[in-house]
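To start, the structure itself, in structure tokens.
Read-outs throughout are calculated quantities, based only on the coordinates presented, and are distinct from any laboratory measurement. What you are looking at is a predicted structure, and each value in this text was computed from that prediction instead of being measured. Note that we place each Cβ from the backbone using ideal geometry, even for glycine, and neighbour counts take in every protein chain shown.
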Ligand SMILES: *Cc1c(COP(=O)(O)O)cnc(C)c1O
């Protein structure tokens, strides 16, 4: 494959944009090489500015469950465009999208739209703190909830202490209210609850990706989530499911649909915007009523509920609601794909762990099952990078990191899956 135009575009971009990208993972740092600069997306495919065509398993990192440029969505967006880009005033489309989400998640009584997942999570945590009058929060190692200050934490010195900043520019004092626990390890959560109770007045909320997709795909065990629910009730803490990725992806009803566990608040993003910048947070009315203008927790947004974004979100959810059987189909394609990878890996004695949740898939070059971040970190990232670059050369666009999930869209049919498996087989033979 020839990447000459992308190489030139990347050099040019670096002169104006830090690292040439507006979100770090796009720079391909962990797999090496130049990221293809994209000219357009068509159904299952991305076409770059050199004319290379790739099967897209990133789907804009999750939102594009209908594939690129869905005709129905395009038409809705066209209608909306001619009515103006933004008003900064209420529209019926916002209520319609809210009603669709509430229909699928009946325990979400009130919700509010924002423009990104980061904003949704930041606001959900603020309202949880305002509701409980407590400051501390618990998050899990390897879970990602956007880039707000108090969530950019890594493990501190002691196992039960609060985290320390994982990014420069975040003061220690901003993260001292964030306790880090281990995914799928309820004792670590109990320890954090106790430590917070003794040191600083208790936990306001626990936030979790109930199906983690930001350390590779690592689903939480059902029993673990049930115990979390119980612990939060016992300690009057708000349980927040971050379903920005898993919502409308792992299942039409996300992790809630697969586990039936009712979080107090849920954050959404990605698919609910169908590729437009949309996030949302919502849940129990008594908590959400703390938000301004009803209550004293402030939260706002110039472009929140933007009419173009709402048009795309509404049409995307309408199509999903009308075709609820697609989740079974996408799930079976994801399973076929992963089983194909596994078969080739086994044949070549390459240790590989695979998992699937609905249209989400993940694989680790790892000899042990991955249940948490520590396990994930034991994966062979050098082998991953080699696999990655070879697959890209063959026109398969996977997430450029061992620690990201993959996605199947409606446009990725059985033939495309078989083509991908055949190429993976070719690559694994030379790993
Ligand atoms: C993507 C993601 C976010 C952040 O959303 P942005 O729109 O990138 O700000 C938050 N939480 C989870 C689980 C995500 O996957």
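Table for the structure above
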item: DSSP beta bridges in region 71-322 [antiparallel fraction, %, rounded to 5]; result: 45 percent
item: Choice from 173, 188, 164 showing the highest fluctuation, given a GNM over the chain with Cα pairs closer than 10 Å; result: 173
item: Packing-based ranking, highest mean first, of 6-15, 92-101 given that Cβ atoms within 10 Å are counted; result: 92-101, 6-15
item: Ranked list, fewest to most other Cβ atoms within 10 Å of each Cβ, for 403, 85, 224; result: 85, 224, 403
item: MRE, 222 nm, helices only [DSSP H, n ≥ 4, -39500 (n - 2.57), over the chain, to nearest 500]; result: -11500 deg cm²/dmol
item: Shape of the chain, Cα gyration tensor, a/c cut at 1.5; result: oblate
item: Exposure proxy order (Cβ contacts within 10 Å, fewest to most) of 360, 338; result: 338, 360
item: Cα gyration tensor shape for region 282-345, rounded if a/c is under 1.5, else prolate or oblate; result: prolate
item: Residue exposure sequence - 361, 105, 3 - by fewest surrounding Cβ within 10 Å; result: 3, 105, 361
item: Fraction of beta bridges assigned by DSSP in region 206-328 that are antiparallel (%, nearest 5); result: 40 percent
item: Bridge type composition, the chain - antiparallel percent by DSSP, nearest 5; result: 60 percent
